[in-house]
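What follows is a single structure, written as structure tokens, with notes after it.
The values are calculated or read from the model by the stated rules, or taken from the named source; none is laboratory data. Worth saying up front: this structure is predicted, and the values here are computed from it rather than measured. Cβ placement follows ideal geometry from the backbone for every residue including glycine, while neighbour counts extend to all protein chains displayed. Accessible surface areas use protein heavy atoms only, side chains included; no ligands, DNA or RNA. Shrake-Rupley method; radii C 1.70, N 1.55, O 1.52, S 1.80 Å.
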Amino acid sequence: MGLFGKKKSGGSASNIASAIQNEKQKADIIVNAIDDAVILIDAKNVIKTFNPGASQLTGWSDEEAHDIDYRSVVKFTDNKGAEIPEAQHPFYLVFSQKSVIKNNELNIMRRDNSQIGVDVIVTPIIDDGGKVSGAVAVLRDVDDRRKQDRQRADFISTASHEMRTPVAAIEGYLALALNDKVTQIDEKARSYLEKAHASTNHLGQLFQDLLTSAKAEDGRLTSHPINVELSEFVEKLVEDLRFSAEKKGLALEMLKGGSGSGTATIAPLLYANVDPDRLREVITNIFDNAVKYTESGKITIGVTGDKNVVQVSIADTGPGIPKTDIPHLFQKFYRVDNSATRTIGGTGLGLFICRKIIELYNGKIWVESVEGEGSTFYINLPRVDSNQVQLQAAQSANTPTTSTPQAGVITPTKQGA
């Protein structure tokens, strides 16, 4: 089959040419009718299709953009307004990765240097030899939506910040009322105050989660990444978390290794470029959930990796997560609706915040679960070669540098794989 359909036997060359021309005209009508920007480039990075939506979005006319290098027309910037490097350009990535590239956090720089927020999808065109012969990009103007999102985030951030102050004051006064050295109260009054204190703590955590989620959405979440050796980092964290598990009668186990060869060897150094405080927040959040929902058995925290990826896993022997809930688990305010979650409570923001933090480091977080058998959360982070870490440390000792390691390709691998 050809590009526009099967060739009919017995047809004349003129009929075939006419049919192809008609199909091309239909395709042009469809592309030109689309409101979104549609841009087609060839293997030489030259623009071959530039529909009216693209002209409206970029400020370039079809005549101006046609047959010139896309880098002169399609310029993307990050959320701070800085033009992204060529190696991060979706058109560049689609040729190097030979897969669909999606990005919902870019702005496009228009011809007059103004910037508009866009969602970008770039699809490679693969020829019969398996090579990328071109790419089709669809760009959607989401500037108004992002402004509305920012307004909502600003409101949540401001409201959460303002409400935390009186809540903290209430919490403080309740703590004083429960202090035997300050006040004398009977047991009935104490039970009421303890319930009020617990509710105030929960409310304070809700405001904190709302504030953090708002910052995560609009890019204000602070992060100071450094090269962290995750085996040692997680091992120390496990010791800090052990009491919480044992208090509920759960065993806590740590597994660490390289590629799971099964032989007794020295564990490799598994470095990732992350903010240790943020990563601790993620692991602790998932661990706390595991403790809450696991009635008996154990929690296993593992660290492993290959040449590209470092993986942290947190497995429990809890009730598991329904299959229908798994795709939505990392969405904001989403909570599994069952008797356990209704009893334990929660904001539905914890896993959303975890996902946002891991994405700061070009990582991936997901869960695999079977009802009645438990759940395992996986965190994949781009691995930084230990030799590169040592080289950077040596360079930093001599001359200050602001460079950060380039993230490797993230390949989901299971524990011990």
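By a 1.4 Å probe calculation restricted to protein chains, LYS102 has an accessible surface near 150 Å², given to the nearest 10.
Mind checking the log10 I(q)/I(0) for segment 79-136 at q = 0.26 Å⁻¹? Debye, one equal scatterer per Cα, no solvent, two decimals. Log10 of I(q)/I(0), two decimals: -1.06. Taking Rh as the Kirkwood radius computed over C-alpha pairs, what is the Stokes-Einstein D of segment 287-331 at 37 °C in a medium of viscosity 0.692 mPa s, expressed in µm² per second? Answer from the Stokes-Einstein relation: 267 µm²/s.
Computed from the Kirkwood radius of its Cα pairs, the Stokes-Einstein diffusion coefficient for segment 25-117 at 4 °C and 1.567 mPa s stands at 94 µm²/s. The accessible-area ordering, largest first, of the residues ARG146, ARG152 stands as ARG152, ARG146, per a 1.4 angstrom probe. The GluC sites (Glu not before Pro) found in segment 84-186 include none that occupy coil by DSSP while having at most 15 further C-beta atoms within 10 Å. Once the Cα-Cα distance is subtracted from the 0.36 nm per residue extended length, the ASN104 to ARG152 segment shows a gain of 15.5 nm.
Around ALA37, what is the net charge, scoring Lys/Arg as +1 and Asp/Glu as -1 over all other residues with Cβ under 14 Å from its Cβ? Mind showing how you got there, number by number?
Working: positive: LYS75, ARG110, ARG111, ARG140; negative: ASP35, ASP36, ASP62, ASP119, ASP141, ASP143.
Once all neighbours under 14 Å are counted, the net charge is -2.
7 Å from Cα along Cα→Cβ at both SER114 and GLN388: what's the point-to-point distance in nm? For SER114 paired with GLN388, the spin-label model returns 4.0 nm. If R0 is taken as 25 Å, the Cβ-Cβ distance between GLN97 and ASN32 corresponds to a FRET efficiency of 0.30. Residue-wise HN-Hα couplings along segment 43-55, as the Karplus relation 6.51 cos²θ - 1.76 cosθ + 1.60 with θ = phi - 60° gives them from phi, are 5, 9, 6, 9, 6, 10, 9, 8, 6, x, x, 5, 5 Hz; Gly and Pro carry x.
Let me make sure I get this right: for segment 98-184, a, b and c are the square roots of the gyration tensor eigenvalues over alpha carbons, sorted descending. Under 1.5 in a/c it's rounded, otherwise prolate if a/b > b/c, else oblate. Which is it? Spell out each step's value before the answer.
Details: a/c = 7.28, a/b = 2.83, b/c = 2.58.
Prolate.
The order of HIS89, HIS66, HIS161 by accessible area, most exposed first and with a 1.4 Å probe, is HIS161, HIS66, HIS89.
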